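All remarks here apply to the structure that follows.
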Amino acid sequence: HRVDRRQRQMCIRDSKYFLIILKERTNTMVKVDLTASPYHLNDNQIAWVEETLGTLTDEEKIGQLFFNLFSLEGGKKFFDADLTNKDILERYHIGGARYEGGNKEEVQNLLNDLQRHTKVPVLVAANCDSGGNGACKDGTYIASAAQCEAAQDTKVSYNTGLVSARESSALGVHINFYPCVDILKNWRNTIVNTRAYGTDAETVIKYSSAFIDGFNAERDMITCIKHFPGDGTEERDQHLVLGVNELSTDEWDDSFRKVYQHHIDRGVQMIMAGHIAQPAYSKKLNPSLEDKDILPATLSSELITDLLKDDMKFNGLVVTDASHMLGMTASMRCEDYVPLAIAAGCDMFLFFNDLEEDYQFMLNGYKNGVITEERLNDAVRRILGLKSQLNLHMKQEDGSIIQPQEALDIIGCTEHLEMRAEAADLGITLVKNTLNQLPIRPETHKNIMLYVIEGEKDGIYKSANNVTDDIIKELESRGFNVTLNDGSTRIKGKTLEYREKVDAALVFANIIGYAAENNYRIKWGTAMSNEIPWYVHEVPTVFISTNFTTHLHDATMVKAYINAYHSNRENIKQTIDKIMGESEFKGQYNDLVWTEKWQAKL
């Protein structure tokens, strides 16, 4: 009674056979209970859900399934440039919105404009991984998950969640597509290297729970944990290829299931399905599947309906990860996977490839029976249930859904900056100092040769353009003379002259990349560049990473290595404090920093 890939392909050719299979398959659909966790709706809230559902046309129900992506990046639009926000809402009836870019005023104006022109309130989501900086460009970074783990204090995670909620809600955001509850088992994985809270289930549970506690402390908002069934076991990126969690069912039960079940039992409202396959569980739940039939969770009824909603009793809402990712698009034709995601048990579809085409694909999927009426109504009930839980309909009626400009005052406030400073102090980690080269101070090491190694220049997630200037200004304010090395040449010069002119070398690896490579490693400026640490035995050399934690794999030769976790001014300032010996290193590393290389420890 299950539809595998071969059957789906046959169904496309034979609509009668397709409908017979669908009728059998829908017997396993798990229906939502709006009175139970995580909804806990009262009679009035449920009445609004049912009344609203009853008034929606089929076209409006289909629109509710979609999150649209808006852009505030210099006028860039993902779709028809002639469509206004009002046009998108009236023509496609979207149920949710996410956005990219923009300062706090720009974001708040966009979200207020959406709520003014919508019939049914729009759920708005942001990616606040590390604080309010995930909601707007001028939001406050507190700490990444890796920094939270290094701090060894749940208050850092708690404060990160608290600031995320405070600053994003001031903009009009309701949902955080976070925390990431993946388990970093493979050191080569850079997709969740800084977004995972640890290397085992217990650590991830500890710090992700603290984040959610902070996020829920003062605001009525929704957390969405991700990426089910779990990233971190391999090195590849689902943006570029189908992700695979290769654990056995027993191994998965003893790790990822523990994490997800913990949060389900605590009442998490949303789970994001990853474009990640879990072959062992798919085959256990459907023994007829062959390797060629394995699908990512976003398209797998075995993983979403049977495992997550039925076996694990998740009664909330499942949203797909971004639909432009190759982990989904490589599975089948777009017109097939768009409706199949909902038929498989996902309740919302994250982003359009093309507004008109994807909307029509979803509507066609409903009309031809890929999505049954029962499945569509259940998905929309879950969506409206979250809107009702937040009382968005009441806020729409009284006008409080529109955020006032003065709400923005909390963004970047003194209290939040103090939390950021505390997180930096607790998190910055000295991984090794085997030659006892620290501290480095202007009294003893006046002349600094500075090397800044950068990654993508114009990626989705890119570093601020002022990082090098911030480092130089901070060092010079302490009394150092700084020379910035030009890494575009192989010329090293005479080593004795180097030692005469340079008292110490500082190497900052400011490598940030996303969805352009399967993993991100150090890429030097040119072949045999003079920035490669050939100088580690010539002068004291300190290597500092401002993002990824596993650069020792490519720089095993350095004898002093620091994970600073972020390139904001506070983290740079406190890193230099600690290099100078004015503050002790308090962060703790996990064993993945050694990248399984014995040389890295020397």
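The values are calculated or read from the model by the stated rules, or taken from the named source; none is laboratory data. Computed from a predicted model, the values in this text were never measured in an experiment. Note that each Cβ is placed from the backbone with ideal geometry, even for glycine, and that neighbours are counted across all protein chains shown. For the accessible areas, the whole protein counts, side chains as well, though only heavy atoms, and no ligand, DNA or RNA atoms are used. Shrake-Rupley method; radii C 1.70, N 1.55, O 1.52, S 1.80 Å.
Quick test of your reading of the structure: Val318 fulfils all but one of (1) buried (at least 24 other Cβ atoms within 10 Å of the Cβ); (2) touching a helix residue (DSSP H, G or I) at 6+ places or on another chain (Cβ under 7 Å); (3) in a helix (DSSP H, G or I). Name the failing condition by number.
Condition (3) is where Val318 drops out.
When you scan segment 380-418, how many residues do you find that are under 24 Å from His40 (Cα atoms), free of Cβ contacts under 8 Å to residues at least 24 places away in the same chain and assigned to a helix (DSSP H, G or I)?
Going through segment 380-418, the residues under 24 Å from His40 (Cα atoms) turn out to be 380-398, 400-401.
Imposing the further condition that a residue be free of Cβ contacts under 8 Å to residues at least 24 places away in the same chain reduces the set to 394, 397-398, 400.
If we keep only those that are assigned to a helix (DSSP H, G or I) too, we end up with 394, 397-398.
Number of matching residues: 3.
Identify all residues within segment 253-267 that are open to solvent by less than 10 Å² (accessible area, probe 1.4 Å) and in contact with a Pro (Cβ under 7 Å, 6 or more places away or on another chain); write none if there are none.
Taking segment 253-267 as the starting set, the residues that turn out to be open to solvent by less than 10 Å² (accessible area, probe 1.4 Å) are 255-256, 259-260, 263.
Passing the criteria: only Phe256.
Six or more apart or on different chains, Cβ under 8 Å: which pairs go from a residue in segment 339-360 that's assigned to a helix (DSSP H, G or I) to one that's among the β-branched types (Val, Ile, Thr) and open to solvent by 10 Å² or more (accessible area, probe 1.4 Å)? Could you list them?
Close Cβ pairs (under 8 Å, with a partner that is among the β-branched types (Val, Ile, Thr) and open to solvent by 10 Å² or more (accessible area, probe 1.4 Å)) amount to Pro339/Val370; Leu340/Val370; Ala343/Val370; Ala343/Thr372; Leu355/Ile88.
Give me a count of the residues in segment 288-314 that are charged (D, E, K, R) and within 19 Å of Asp253 (Cβ to Cβ). I'd like the intermediate steps shown before the answer.
Taking segment 288-314 first, the residues charged (D, E, K, R) are 290-293, 302, 306, 309-311, 313.
Within this subset, residues satisfying the condition of being within 19 Å of Asp253 (Cβ to Cβ) are 302, 306, 309-311, 313.
Total meeting the criteria: 6.
Got a number for residues in segment 361-376 being assigned to a helix (DSSP H, G or I) and either buried (at least 18 other Cβ atoms within 10 Å of the Cβ) or touching a strand residue (DSSP E or B) at 6+ places or on another chain (Cβ under 9 Å) (or both)?
At the first step, the residues of segment 361-376 found to be assigned to a helix (DSSP H, G or I) are 361-367, 373-376.
Cutting the leftovers down to either buried (at least 18 other Cβ atoms within 10 Å of the Cβ) or touching a strand residue (DSSP E or B) at 6+ places or on another chain (Cβ under 9 Å) (or both) gives us 361-363, 365-366, 375-376.
Number of matching residues: 7.
Take the conditions of a type in the set (Asp, Glu) and part of a loop (DSSP other than H, G, I, E, B) and apply them to Glu73. Does it pass?
Numbers: of a type in the set (Asp, Glu): yes; part of a loop (DSSP other than H, G, I, E, B): yes.
Yes.
How many residues does segment 366-383 hold that are small (Gly, Ala, Ser) and within 29 Å of the chain's Cα centre (by Cα)?
Let us first name the residues in segment 366-383 that are small (Gly, Ala, Ser), namely 369, 379.
Among the residues that remain, those that are also within 29 Å of the chain's Cα centre (by Cα) are: 379.
Looking only at that region, the number is 1.
Please find, among Ala170, Ala143, Ala201, the residue that is out of contact with any Gly (no Cβ under 7 Å at 6 or more places or on another chain), more than 21 Å from Ser255 (Cβ to Cβ) and aliphatic (A, V, I, L, M).
On the way: Ala143 fails: out of contact with any Gly (no Cβ under 7 Å at 6 or more places or on another chain); Ala201 fails: more than 21 Å from Ser255 (Cβ to Cβ).
Only one candidate qualifies: Ala170.
Given the structure, is Asp354 of a type in the set (D, E, K, R), modelled with pLDDT under 95 and out of contact with any Asp or Glu (no Cβ under 8 Å at 6 or more places or on another chain)? Before the answer, list the steps.
Details: of a type in the set (D, E, K, R): yes; modelled with pLDDT under 95: yes; out of contact with any Asp or Glu (no Cβ under 8 Å at 6 or more places or on another chain): yes.
When the stated conditions are applied, Asp354 passes them.
Check Ala47, Ala81, Ala97 and return the single one that is of a type in the set (Gly, Ala, Ser), at pLDDT 95 or above and open to solvent by 10 Å² or more (accessible area, probe 1.4 Å). Lay out the reasoning, then the answer.
Details: Ala81 fails: at pLDDT 95 or above; Ala97 fails: open to solvent by 10 Å² or more (accessible area, probe 1.4 Å).
None of the others qualify; the one that does is Ala47.
Of the conditions (1) among the hydrophobic types (A, V, I, L, M, F, W, C); (2) assigned to a strand (DSSP E or B); (3) open to solvent by less than 30 Å² (accessible area, probe 1.4 Å), Ala421 fails just one. Which one is it?
All conditions pass for Ala421, except number (2).
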